[in-house]
1. Packing-wise, with mean Cβ within 10 Å as the measure, how do 199-205, 225-231 rank, highest first?
2. Taking the Cα centre of each part, how many Å lie between segment 208-245 and segment 115-149?
3. With the cut-off at 1.5 for a/c, could you classify segment 148-222 from its C-alpha gyration tensor as rounded, prolate or oblate?
4. Can you give me the Rg/Rh ratio for segment 192-240, using Cα atoms for both radii and the Kirkwood formula for Rh?
5. When all alpha-carbon pairs of segment 85-254 are counted, what percent fall beyond 18 Å?
6. Rank by packing, highest mean first: peptides 217-224, 139-146, with packing defined as the count of other Cβ atoms within 10 Å averaged across residues.
7. Going by amide H atoms built from the backbone, whose H comes under 5 Å of the H on His92, apart from near neighbours?
8. Quick one: if you take sqrt(5λ) for each eigenvalue of the C-alpha gyration tensor of segment 134-188, what semi-axes come out, biggest first, whole angstrom?
Amino acid sequence: MASNRQNDREARQARERLRAYQARQTVHETKTKRRRRDNWIAGGAVLVVIVLAVATQLLYFAKPGTPSASASPSASAQTYTLPPKTLAGNRHWTGALTINDIALGVDLDGAKAPQAVSSTIGLASKGFYDGLTCHRLTNGGFYVLQCGDPKGDGSGGPGYSYGPIENAPKDDIYPAGTLAMARQSDNASSQGSQFFIVYKDTKIPSDSAGGYTVIGKVTSGLDKLISGVTDKGVQGGGTDGKPVVATTIDSFSLQ
């Protein structure tokens with residue numbers, strides 16, 4: 001009888017050890033699956049970030065030398081709304097665009113580009129442009145200085161975008177002094193706050209959306225902008241990038 005009781009006790013202990021082992025195995029397998037799942041999720045997130053980063057770069061540099069702006073402009077701290085095109089009043093607006101203490105006389109044509117000029121008037125009147133940088137300079141057979149991005153990297157805007165393209169030259173020639181709106185390639189409704197100053201006669205080929213909205217022209221001071229900023233070149237010695245001379249909009253006033 002003692003031998004049978006001992007056998008029963010050993011059998012129970014063996015079963016308990018087996019159950020404990022199986023429980024530990026279940027916990028281990030559950031943790032392993034959870035780690036594998038978390039690793040997949042983390043890896044997928046990293047892949048998405050990498051793909052978005054690459055896509056952004058491809059979008060921005062898809063057509064080297066083409067003035068571009070983000071398709072979905074990022075709003076700055078203050079909220080801005082697109083004013084009606086009637087704000088331009090079907091007339092010319094004159095004023096000063098001061099960059100690095102260089103006063104550029106400007107003339108905007110509210111009759112030929114009513115929506116773009118209205119947007120520019122609205123932003124300028126609220127001080128949107130004050131303190132923003134001119135983040136892009138091109139000088140390799142293509143001569144523009146691009147400004148007006150609150151993020152300073154070509155991806156920002158006022159929190160809205162608009163179209164259509166207005167007053168684009170039919171021959172794709174943008175004379176020195178031209179003020180025109182930047183936009184995303186092949187997207188006529190991606191205009192926002194970014195604009196470019198053509199500092200030497202330049203041909204900008206139209207894309208599937210057309211040309212670029214010309215809002216007006218620089219009437220004075222362009223020679224000083226050329227000698228003080230654009231002649232100094234692009235950082236790294238390239239033909240398309242940040243200006244060597246840090247370039248900031250001091251103020252933009254219109255009347």
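1. 225-231, 199-205
2. Their Cα centres are 10 Å away from one another.
3. The shape class here is oblate.
4. Rounded to two decimals, Rg/Rh equals 1.00.
5. That tail contains 56 percent of the Cα-Cα pairs.
6. So the peptides 217-224, 139-146, ranked by packing, come out 139-146, 217-224.
7. Residues meeting the amide H criterion: Gly110.
8. 20, 17, 9
No lab work stands behind these numbers, since they all come straight from the coordinates. A quick note: this is a predicted structure, and the numbers were derived from the prediction, not measured. Ideal geometry is used to build each Cβ from the backbone, glycine not excepted, and the neighbour counts take in all protein chains shown.
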